[in-house]
1. Hey, can you grab everything whose amide H is under 5 Å from the amide H of Glu37? Only 5+ residues off in sequence or another chain; H modelled, so Pro and N-termini drop out.
2. Let me spell out the model: positive unit charges on the Cβ of Lys and Arg, negative unit charges on the Cβ of Asp and Glu, origin at the Cα centre of the range 6-185. What dipole size does that give, in debye rounded to 20?
3. Could you calculate the FRET efficiency of Met117 with Asn42 from 1/(1 + (r/R0)^6), where r is the beta carbon distance between them and R0 is 22 Å, rounded to 0.05?
4. Highest mean first, what order results for 164-177, 107-120 on Cβ atoms within 10 Å?
5. At 15 Å minimum axial length over the Cα atoms and a Kyte-Doolittle cut of -0.5, report the qualifying DSSP H helices in the chain, or say none.
6. Per DSSP H run of n ≥ 4, the term is -39500 (n - 2.57); total these for the chain, divide by its residue number, and report the mean residue ellipticity at 222 nm rounded to 500 deg cm²/dmol.
7. Have a look at Ser116, Ala41, Phe77 and report the one farthest towards the positive end of the charge dipole of the chain, computed about the Cα centre with Cβ charges (Lys/Arg +1, Asp/Glu -1).
8. Be a star and scan the range 83-108 for residues whose amide nitrogen sits under 12 Å from the point 7 Å along the Cα-to-Cβ vector of Leu70.
Amino acid sequence: MAASPLKILAISGSLRKSSFNSAALETAAEIAGEKAEFIFANLAGIPLYDQDLRDLGVPEAVAALQQQVLEADAILFSTPEYNYSVSGVLKNAIDWLSRVDPQPFADKPVAVMSASMSAFGGARAQYDLRRTLIYLNAHFVNRPEVMISFAHKKFDESGKLTDADTRTFIGNLVQSLEQWTRRITE
């Protein structure tokens with residue numbers, strides 16, 4: 001009997017319309033096909049974290065993201081690297097979610113990839129994201145590591161991945177996330 005499709009929440013750390021990280025997540029969804037249902041989070045409406053605002057309640061956009069994380073079987077992040085770390089928009093969303101109850105990242109299977117125009121492919125951002133989410137008790141796929149360097153040369157103008165090796169790496173990560181999720185949740 002075939003396993004039911006996983007529900008994977010795809011979270012891009014970039015708001016840019018033509019984001020390489022969002023395109024990488026689209027590629028992951030395409031590769032997964034019927035093995036997974038990808039839901040794409042939208043971080044655009046999340047206000048800057050402010051404890052005074054939090055004291056008034058949880059903003060609607062934060063509550064919606066919290067629900068998406070809670071309902072997902074697994075999370076796949078793709079983050080750009082800004083100044084050797086994760087983007088402010090992604091860190092802000094995580095900060096909000098770390099202060100809601102229930103905290104949705106606890107015991108959640110997670111994988112991360114990154115895309116950057118640099119030679120490092122966002123490696124430093126990935127390690128910062130891992131460090132942050134380990135504190136929140138997320139359970140990471142450790143390998144393969146997918147760091148898409150020189151991303152501007154690997155995606156075309158429409159956001160389609162054109163590099164076969166990168167496509168293979170993303171496919172391996174999606175497969176590892178599926179296996180890891182089934183292993184720790186069944």
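Readers should treat all values here as calculations from the given coordinates under stated rules, not as data from a laboratory. The model shown is predicted, which means the values in this text are computed figures rather than measured ones. Glycine also receives a Cβ, built like all others from the backbone with ideal geometry; neighbour counts cover every protein chain displayed.
1. Under 5 Å from the amide H of Glu37: Leu6, Lys7, Ile8.
2. 440
3. 0.40
4. Order by mean packing, descending: 107-120, 164-177.
5. The qualifying helices are 20-32, 60-71, 164-185.
6. Using -39500 (n - 2.57) per qualifying helix, the result is -12500 deg cm²/dmol.
7. Farthest towards the positive end: Ser116.
8. 100-105
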